[in-house]
Amino acid sequence: MADQREVSIVRRPGPALSAADGVGALLAAYHLRTEAEKGEPVADVHGLPDRYRAEISDPRTAFVDDVVLVAVSGGTGVGCLVVTAPADGRTEIKRLWTEPAFRGRGVASALLGAALADAAESGAGTVRLSVWKWRTGAIALYERFGFTVTESWDERDQLACMERAL
């Protein structure tokens, strides 16, 4: 088992991702959990929508213009977060995931802090994200980092849109 005491955040531009980063497995866990929480559980990744299967099978291509942050412990990926390429002065954070065994250890906070630093370095003036309303722990984390709920840009029911200025 990986050492749960030390976690480092590794920045990977999309084209630099490799299978060794474990991002595909982290994204699979994220998407499977999300579908289950939405009340639409699937047995495995083959039951996920095409766009999610594409992220899992080839994150390098799916996030070619983006930056993927990977939390690593003992050489194993234990969390991830995607920072999209800036557009119109904004960037978006998505796919924040921490393996359950590593929750409560500051991994998500470290990923989010690194994402905000990366967004600022990219020249973005605003960071936005969307989160399912039932993910109250994630919403509380985002609020601690200065995000506030804003008008939705996504019509999916139960989705909260949040943003913050840099």
Exercise. Within the stretch 93-118, which residues are surrounded by 16 or more Cβ atoms within 10 Å (Cβ to Cβ), in a helix (DSSP H, G or I) and under 14 Å from the mean Cα position of the chain (by Cα)?
Worked result: Val107, Ala108, Ala110, Leu111, Leu112, Ala114, Ala115, Leu116, Asp118
Problem set entry | Filter result for Glu155 (more than 24 Å from Gly24 (Cβ to Cβ) and among the acidic types (Asp, Glu)) | yes
Exercise. Just one of the numbered conditions (1) closer than 18 Å to Trp132 by Cα; (2) at pLDDT below 95 is not true of Gly14; which one?
Worked result: (1)
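The values are calculated or read from the model by the stated rules, or taken from the named source; none is laboratory data. Bear in mind the structure is a predicted one, so any value in this text is a computation, not a measurement. All Cβ positions, glycine included, derive from the backbone under ideal geometry; neighbour counts span all protein chains shown.
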